[in-house]
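Please see the structure below; I have some questions.
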């Protein structure tokens, strides 16, 4: 199944001027890495986000939230958001929250 190019473009709009960003094919879509750590990706019609514990608890209340579980084993701190449930300003908010967390990880 192809992935949603609109979600990819939303991510690109947010990260386009960030140093250390690399786009890479993954999960049958495209992932965006910051200094080698994935912060956001497109999976089918969803946005994947890597978040700290506090932000993860917050995003769980969003109507588009799902656990990131494409292998049968949910990944802690990774959210899967149905793309059409997010407004453009929400993409920016959540991707920046992912950046804030991923910047704390070793490169």
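The values are calculated or read from the model by the stated rules, or taken from the named source; none is laboratory data. Being a predicted model, the structure only gives us computed values, none of them experimental. With ideal geometry, Cβ positions are generated from the backbone for all residues, glycine too; neighbour counts draw on all protein chains shown.
Any idea which of 22, 8 is part of a helix (DSSP H, G or I), at negative phi, free of Cβ contacts under 8 Å to residues at least 60 places away in the same chain and touching a strand residue (DSSP E or B) at 6+ places or on another chain (Cβ under 8 Å)?
Answer to the selection: 8.
Hey, can you tell me all the residues within the range 80-99 that are touching a strand residue (DSSP E or B) at 6+ places or on another chain (Cβ under 6 Å) and either modelled with pLDDT under 95 or under 17 Å from residue 28 (Cα atoms) (or both)?
Those that are touching a strand residue (DSSP E or B) at 6+ places or on another chain (Cβ under 6 Å) and either modelled with pLDDT under 95 or under 17 Å from residue 28 (Cα atoms) (or both): 80, 81, 82, 83.
Do we have any residue at all in the range 52-63 that's surrounded by fewer than 16 Cβ atoms within 10 Å (Cβ to Cβ), at positive phi and touching a residue at least 24 places away in the same chain (Cβ under 8 Å)?
Within the range 52-63, none of the residues are surrounded by fewer than 16 Cβ atoms within 10 Å (Cβ to Cβ), at positive phi and touching a residue at least 24 places away in the same chain (Cβ under 8 Å).
Ok, one more. Only one of these is modelled with pLDDT of 95 or more and within 15 Å of residue 100 (Cα to Cα): 55, 13. Name it. Show your work before the answer.
Values: 13 fails: within 15 Å of residue 100 (Cα to Cα).
None of the other options fit; the residue is 55.
Quick check: is even one residue across the range 21-44 at pLDDT below 95, closer than 19 Å to residue 106 by Cα and surrounded by 13 or more Cβ atoms within 10 Å (Cβ to Cβ)?
So far as the range 21-44 goes, no, none of its residues is at pLDDT below 95, closer than 19 Å to residue 106 by Cα and surrounded by 13 or more Cβ atoms within 10 Å (Cβ to Cβ).
Further, regarding this structure: Exactly one of these conditions fails for residue 91: (1) closer than 15 Å to residue 8 by Cβ; (2) surrounded by fewer than 21 Cβ atoms within 10 Å (Cβ to Cβ). Give me its number.
Residue 91 satisfies every listed condition except (2).
Only one residue in 76, 89, 97 is over 12 Å from the mean Cα position of the chain (by Cα), within 18 Å of residue 7 (Cβ to Cβ) and not in a strand (DSSP E or B), so which one is that?
Exactly one residue qualifies, and that residue is 89.
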